[in-house]
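Working notes, beginning with the structure itself.
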Amino acid sequence: MRFLSSLLLLASLSAPCLAQTTEPSTSSASSVAAASSSQRYLFWDDYRRGWHFYEDPEPEVQPPPLPKPIPQKPEAKRRDTRAPELIEFEQLQKRLEEYRNIAIIRPTEDNVRRYMQLEAQVVRQASYFSDVAQRVAWATPDLDMTLQGRPVNSKAIEVFDREQTTSRVQSLADLSRTHVLFFFFRSDCPYCHAFAPTLEAFQARYGVQIVPVSVDGKGLPNFPNFRRDNGIARTLQVTQVPAVFLAEPYTGKITPIGFGVLSESQLVERIATVAAPGADTYAPSVTRRVNLQ
């Protein structure tokens, strides 16, 4: 009986404390409920992982290793396929230039002597080449320049000039049928007076007609019958007299021969040159076509 009374007394004394400690407030109760609801949501939403108080950290993703650079093979030195003589000549040129530059910057006796010795070697080699080339030309007529054009031997020059004169005389005889020489002069020009007899003799020898044209309207003793300038001198840009032009009246083509006093041989040579076939192709700018009437 006493034991039962003691239990009842103990229960009555501890009941308020238990109620005070276990009964939460409204705000704390709502927080606990929300936390409990969140825990239930998280757990059921991700239930496959199970329930763990601490989760293992996610493993760090390591970047893939960079590929190892492929070692490049050293480029093989290109083999020079040129002729050995070309390589040797290029090396000689380079060495000669280097020696010269060194001697210019540092003109000591040793540097200058070294350059001069190499230069003398190059000169001897060039001289030997000249001797061989001469022997080859003697043995090959097509390569002998002394046989092309005007010769160098005095006896051969005499024959060459004679043959050339004969050929040019024939050419001038053919040319006289279709061409004339315009002679521009001025009556007060002493050079025109000195040149007039040469032109008169040229006309008599080769048959090429001389057409005298007076710029100032007065004549010369050798050419009393002349033409007055009708503007052709300005068209041909005659700024100096005496002046000679080769003209072809049928075509109106006119080509300058020369200005000033010329000898008979110069007249023959120049006329033959400008009248040669294909001369207009190489000097079209000096050939004009004008009205010669």
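The values are calculated or read from the model by the stated rules, or taken from the named source; none is laboratory data. The structure presented is a predicted model; accordingly, all values stated were derived computationally and were not measured. All Cβ positions, glycine included, derive from the backbone under ideal geometry; neighbour counts span all protein chains shown.
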Test: residue 211 is assigned by TED's automatic domain parsing to the domain that holds residue 172, surrounded by 12 or more Cβ atoms within 10 Å (Cβ to Cβ), farther than 27 Å from residue 170 by Cα and modelled with pLDDT of 90 or more: no
Flag if residue 117 is in a helix (DSSP H, G or I) and either surrounded by 12 or more Cβ atoms within 10 Å (Cβ to Cβ) or over 37 Å from the mean Cα position of the chain (by Cα) (or both): no
Scan of region 80-106 for residues that are touching a helix residue (DSSP H, G or I) at 6+ places or on another chain (Cβ under 7 Å) and of a type in the set (Phe, Trp, Tyr), ordered by number: 99
Qualifying positions in region 168-182 - in a helix (DSSP H, G or I) and either farther than 16 Å from residue 264 by Cβ or free of Cβ contacts under 8 Å to residues at least 12 places away in the same chain (or both): 170, 174
Where a residue in region 259-273 is of a type in the set (Lys, Arg) and its partner, wherever it lies, is crowded, with 17+ Cβ neighbours inside 10 Å, with Cβ under 8 Å and at least six apart: 270/257; 270/262
Pairs with Cβ under 6 Å, 6+ apart, first in region 202-218 and in contact (Cβ under 8 Å) with a residue 60 or more places away in the chain, second surrounded by fewer than 17 Cβ atoms within 10 Å (Cβ to Cβ) and not in a helix (DSSP H, G or I): 208/176
Pairs where the first residue, in region 107-119, is among the polar types (S, T, N, Q) and the second is part of a helix (DSSP H, G or I) and loosely packed, with under 14 Cβ neighbours inside 10 Å, C-beta under 9 Å, 6+ apart: 111/104; 111/105
Region 120-148 - residue that is surrounded by 10 or more Cβ atoms within 10 Å (Cβ to Cβ) and not in a helix (DSSP H, G or I) and, of those, modelled with the lowest pLDDT: 148
